[in-house]
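Taking it in order: structure first as structure tokens, then the write-up.
Each reported figure results from applying straightforward, stated rules to the coordinates on display, with no laboratory input. Given the structure is predicted, the values throughout are model-derived calculations rather than measurements. Cβ coordinates were reconstructed from backbone atoms using ideal geometry, including for glycine residues, and neighbour counts include every protein chain displayed.
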Amino acid sequence: MSKTNYKEDLERIRAFAFDVDGVLSDPRVFLSVEGDLLRTMNTKDGYALQYAVKRGYPIAIITGGRTESVGLRFSNLGIADIYLGASDKLKDFYDFCRKYNLEQDQVLYMGDDLPDYEVMRKAGVACCPADAVEEIKSVSVYISHLKGGEGCVRDIIEQVLRLHGRWMDGEAFTW
């Protein structure tokens, strides 16, 4: 992370990585009768994710969660790199960077809690939702005005694509 304005840092972003619980979903988790964890997710985040994939940005989902429905949700949005049950998020982050021949400073990471801390210290741009824990806010160069599960992912993806001149083109109007 540099000491520049975060918008300058966004210029070099070529890929995104996101945590799930507390970032792409509301931090609350509901339990089904069968014991499954149920999450709510924002459709605007989903739109932005699939649009970024269509525009050629690699995206990684790196989560400690293991729920099959989470993997299915992001796979259906065109995301190929889904790390479920990530006990060492930094290892998965490095794997993602190697796979796409990315420098760490070309990857934006958004997390909200302590398991995201080490990755956020290595990523080019560390971001978090408005309701992230203080330790995560302290290493973030951008704190969204939106909470986890309420569009914070759309917020940052849209900023990057607008800055790169890749927002609102012909592909923006279809799923």
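Below, the figures for the structure above:
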| quantity | calculated |
| --- | --- |
| Computed [θ] at 222 nm, deg cm²/dmol, the chain (DSSP H ≥ 4; -39,500 (n - 2.57); rounded to nearest 500) | -9500 deg cm²/dmol |
| Candidates Leu31, Leu163, Leu84: whichever shows maximal mean-square fluctuation once the chain is modelled as a Gaussian network with Cα springs under 10 Å | Leu31 |
| Segment Asp95-Phe173, length gained on full extension (0.36 nm per residue, minus Cα span) | 24.8 nm |
| The chain, dipole about Cα centre (Lys/Arg Cβ +1, Asp/Glu Cβ -1), debye to the nearest 20 | 500 debye |
| Whole-Å distance, taken between Cα centres, linking segment 92-160 and segment 1-58 | 9 Å |
| Inter-label distance, nm, simple model (7 Å from Cα along the C-beta direction), Asn5/Ala80 | 3.6 nm |
| Cβ-Cβ FRET estimate between Glu118 and Glu68, R0 fixed at 30 Å, reported to 0.05 | 0.70 |
| Three principal axis lengths of the chain [C-alpha, angstrom, descending] | 48, 38, 32 |
| Extended-chain gain in nm, criterion 0.36 nm per residue less alpha-carbon gap, Leu37 and Arg55 | 3.3 nm |
| For Asp81, residues with placed amide H under 5 Å, excluding near neighbours | Ile59, Ile61 |
| Efficiency of FRET from Cβ geometry, Lys137 and Gln104, R₀ 25 Å, rounded to 0.05 | 0.75 |
| Anchor Lys99: aspartates and glutamates whose Cα lies under 14 Å away (excluding residues fewer than 8 positions away in-chain) | Asp81 |
| Mean Kyte hydropathy of -0.5 or more with a Cα span along the axis of at least 18 Å, helices from DSSP in the chain | none |
| Ser87-His164 FRET efficiency (beta carbon distance; Förster radius 45 Å; 0.05 resolution) | 0.85 |
| Anisotropy class of segment 94-168 from Cα gyration tensor, a/c 1.5 cut | oblate |
| Cβ charges +1 (Lys, Arg) and -1 (Asp, Glu), total dipole of segment 22-85, debye | 260 debye |
| Ranked by how many other beta carbons lie within 10 Å on average, peptides 124-130, 140-146 from highest | 124-130, 140-146 |
